[in-house]
Amino acid sequence: MLAIQDDKQRDMLSYFRNAFFSRSPKIQSTDILTWLLIAGAVGLILMLSLKRSFNVDEFEGIKSAWKIFGGQRIYIDFFQHHHPFLYYLLTPLFPLFGETNTTLFAARTLMLGFTFGSLIAMHELARRLFSRQMAAVSILLLLTLPLFVGKTIEVRPDVPQTFFGLLSLLLLYRFFDSERRGLLLLSALSLGLAFLFLQKALILIVLVHAVLMYRVICGQLRLSLLLQFSAVLMAVWGGYCAYLAYTGQLSQYWFFNFDFNLYTLDHQKHQTKYLIGHIANFSSVFLGLMLLGLLSRKTQAQRELTLIAISLLGVALVYRVQWPQYYMPALPLLAIIAASGWETIAQKHSVAGAACLVAAFIGASANYTYEIQHRNNQFQLE
């Protein structure tokens, strides 16, 4: 009887050893290092969210929500040229926290929720298309990009737009693996919500349709499923447009969100000096890893994701108005590509792979520490 119990204990010990410690010590130590650096980066980002000064766009967004809370109609009673879902989302903060500075920090906390949601969606997308270890590294690399972090803590529609865009891609590639139509329709719903937070999601909508059409042409997807995806997407936007038409706001909505923005864009020069500053915000480590990732061999799904990432980046680069938040939809996908480049190095030289991660973290932490010192002090809050 004792011998049988010993055998059972050895079997259980073997099971847990294989489940949790089957990887090589080098890979296991790299995992620990990666998550420790992620924890450090998250801590700095939390401090940034609480301490860094507010951008004027944040006040504009919160004031738009305040006006809606007071009964005013967006596009009719006050000026706004962005899609409205952020302002609707912020409106409940006023009855909860009042017309006080607490509402400002509550709004930033809400943005952090979307940010962490984006990290989870990005992790699952990278794990599904690449590898588990690479997924963690992609999170770390994204969190060491000041170009992303500096804007994702702010109260702006780009933050939920990025989350719903990543969620849509995750659901789409889960559908490709399982062929469960519900996932495809949820992907379309998520992409429609991204558009209602910000018009620039239209670029991702076009790119996703290009991927779907390519799969239809290759015989990998039925045309009827593509049409269903488009129908759900249009229904989300069309439903909101129907509400605007019913309340007499549709013409004003169209003018400010499309005609007005196109007019102002046509009369602006390309802000090259800002573009140079954005490129400088990419660390040499990130750029090197991203280029290496672009050169590595890929599966069809990986090639599609890379094409989407490069296209989003390309549009942001040539766009005349060079605000940092315009790069947000592309950066998580570029971080996944960079992580694939890191994996190429780490598989051959684990020490070099670890050094890349530490170097990226040190550079970013210095930047974030400097930004934290530029506090939302009493003067700004007053």
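The values are calculated or read from the model by the stated rules, or taken from the named source; none is laboratory data. These figures come from a predicted structure and were not determined experimentally. Cβ placement follows ideal geometry from the backbone for every residue including glycine, while neighbour counts extend to all protein chains displayed. Surface areas here come from the heavy atoms of the whole protein model, side chains and all, with no ligands, DNA or RNA. Shrake-Rupley method; radii C 1.70, N 1.55, O 1.52, S 1.80 Å.
Here are the numbers for this structure:
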| read-out | value |
| --- | --- |
| Positions within region 94-118 being free of Cβ contacts under 8 Å to residues at least 24 places away in the same chain and farther than 30 Å from Gly71 by Cβ, in sequence order | Phe116 |
| Unmet requirement for Leu129, which otherwise passes all of (1) within 24 Å of Tyr253 (Cβ to Cβ); (2) crowded, with 21+ Cβ neighbours inside 10 Å | (1) |
| Any pair with Cβ under 6 angstrom, 6 or more apart, that starts in region 266-283 at a residue that is within 23 Å of Thr144 (Cα to Cα) and among the aromatic types (Phe, Trp, Tyr) and ends at one that is part of a loop (DSSP other than H, G, I, E, B) and modelled with pLDDT under 80 | none |
| Residue check for Leu36: open to solvent by 60 Å² or more (accessible area, probe 1.4 Å) and at pLDDT 55 or above | yes |
| Unique residue being under 28 Å from Leu289 (Cβ atoms) and either aromatic (Phe, Trp, Tyr) or assigned to a loop (DSSP other than H, G, I, E, B) (or both) when the list is Phe176, Phe229, Phe195 | Phe176 |
| Selected residue (criterion: modelled with the highest pLDDT) from residues of region 356-382 that are among the hydrophobic types (A, V, I, L, M, F, W, C) and open to solvent by 60 Å² or more (accessible area, probe 1.4 Å) | Ile362 |
| Which listed residue, of Tyr326, Tyr368, Tyr319, is in contact with a Pro (Cβ under 8 Å, 6 or more places away or on another chain) and not β-branched (Val, Ile, Thr) | Tyr368 |
| Among the residues listed as Leu233, Leu262, the single one being out of contact with any Pro (no Cβ under 8 Å at 6 or more places or on another chain) and under 17 Å from Val206 (Cα atoms) | Leu233 |
| Set Gly353, Gly341: member being in contact (Cβ under 8 Å) with a residue 60 or more places away in the chain and open to solvent by less than 30 Å² (accessible area, probe 1.4 Å) | Gly353 |
| Complete set of residues in region 132-144 that are part of a helix (DSSP H, G or I) and surrounded by 18 or more Cβ atoms within 10 Å (Cβ to Cβ) | Gln133, Met134, Ala135, Ala136, Val137, Ser138, Ile139, Leu140, Leu141, Leu142, Leu143 |
| Condition check for Leu292: in contact with a helix residue (DSSP H, G or I) (Cβ under 6 Å, 6 or more places away or on another chain), free of Cβ contacts under 8 Å to residues at least 60 places away in the same chain and farther than 30 Å from Leu221 by Cα | yes |
| Any hit, region 172-181, residues being out of contact with any Lys or Arg (no Cβ under 9 Å at 6 or more places or on another chain), closer than 23 Å to Tyr88 by Cβ and surrounded by 20 or more Cβ atoms within 10 Å (Cβ to Cβ) | no |
| Region 228-267, residues that are among the aliphatic types (A, V, I, L, M) and within 26 Å of the chain's Cα centre (by Cα) | Ala231, Val232, Leu233, Met234, Ala235, Val236, Leu262, Leu265 |
| Residue check, Tyr243 open to solvent by 60 Å² or more (accessible area, probe 1.4 Å), among the hydroxyl-bearing types (Ser, Thr, Tyr) and over 21 Å from Leu141 (Cα atoms) | yes |
| Helices (runs of 4 or more DSSP H) (entirely within region 247-303) containing at least 2 residues that are surrounded by 15 or more Cβ atoms within 10 Å (Cβ to Cβ) | 250-254, 272-280, 284-295 |
| Residues of region 52-75 that turn out to be of a type in the set (Lys, Arg), more than 19 Å from Phe114 (Cα to Cα) and either in a loop (DSSP other than H, G, I, E, B) or open to solvent by less than 60 Å² (accessible area, probe 1.4 Å) (or both), as a count | 2 |
| Qualifying residue in region 85-105 (condition: polar (S, T, N, Q), part of a helix (DSSP H, G or I) and open to solvent by 20 Å² or more (accessible area, probe 1.4 Å)) | yes |
